[in-house]
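Below is one structure; the comments refer to it alone.
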Amino acid sequence: MSRNGFAAPFILLLSLVLVAPASGQIQKGLVAGWNQSDWDYEIPGSSDDFFQAKNGYCFGVWAGDRFRGNFGWRADLLYTRKGAKSVQRGTDETGADQGDFDSFFNVDYLEIPALATFTIPTRGKFRPVLYLGPAVAFQVSSKLDVQYPSGVKYTYSDSDDLEDTSSPDFSLILAGGVDIDAGTTVVNVQVRYVRGLTEVYQATKNQTLSIMAGIGI
């Protein structure tokens, strides 16, 4: 499905979360964060990794509740950028060194985590929370962006669609964070590790470290 194909249901669900009244103890809110993503792939016959980690982002909505004691659940709807980068040394037709060529493999997903939560009992405004559960991510777009060394120019495009990516991507999430009571709302900060279980590009799997902050609404 194209980026435009996902835009309408994403905006609709976001609108419903924002305007629908919470029932019972269900909380809902907004979340955004920074990703460091990588593809786990070693060059055949070598112990060197071909891909390196790169920066990305995520943002979306969440809802959650406690259902027994300190146990509960949380569901997210996230737009998240994953992928990786590779760095290769370039030479011209004479063999002269041209410097590093950075290739960014940017793959955007609509990701839906379904997490079990455990809130560690504490007194005061700060409550540590642990998260564990699966997620499924549907690809929205995939692009290859190449950054050339200063002064180096080519006639072909340095940004193009990335071929041979697959979707959906199934993953497992492990996270830890803290809920902070802030008057009539709650602020949540967490560090989330997302381990891909599906080969998404040439036998590679996503692995992502996210630092996220959210607020109840």
Which of the residues belonging to region 99-148 are of a type in the set (Asp, Glu), surrounded by fewer than 18 Cβ atoms within 10 Å (Cβ to Cβ) and under 20 Å from the mean Cα position of the chain (by Cα)?
Asp145
Among (1) among the β-branched types (Val, Ile, Thr); (2) closer than 15 Å to Tyr109 by Cβ; (3) open to solvent by 10 Å² or more (accessible area, probe 1.4 Å), Val194 falls short only on (3)
Being closer than 17 Å to Asn206 by Cα and among the hydrophobic types (A, V, I, L, M, F, W, C) is the filter; apply it to region 24-56 and report the residue that is modelled with the lowest pLDDT.
Ile43
Could you look through region 67-82, keep only residues that are part of a strand (DSSP E or B) and open to solvent by 50 Å² or more (accessible area, probe 1.4 Å), and pick out the one that is modelled with the highest pLDDT?
Arg81
Over region 177-217, the set of residues aromatic (Phe, Trp, Tyr) and either more than 21 Å from Ala63 (Cα to Cα) or touching a residue at least 60 places away in the same chain (Cβ under 8 Å) (or both) is Tyr201
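Each row is one residue, and each column tells you yes or no for (1) under 18 Å from Arg74 (Cβ atoms); (2) open to solvent by 40 Å² or more (accessible area, probe 1.4 Å).
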{"position": "Ser166", "(1), (2)": "no, yes"}
{"position": "Leu172", "(1), (2)": "yes, yes"}
{"position": "Gly176", "(1), (2)": "yes, no"}
{"position": "Gln202", "(1), (2)": "no, yes"}
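The values are calculated or read from the model by the stated rules, or taken from the named source; none is laboratory data. Predicted model, so just to flag it, every value in this text is computed and none were measured. Every residue, glycine among them, receives a Cβ derived from its backbone with ideal geometry; neighbour counts consider all protein chains shown. For accessibility, only protein heavy atoms count, side chains too; no ligands or nucleic acids. Shrake-Rupley method; radii C 1.70, N 1.55, O 1.52, S 1.80 Å.
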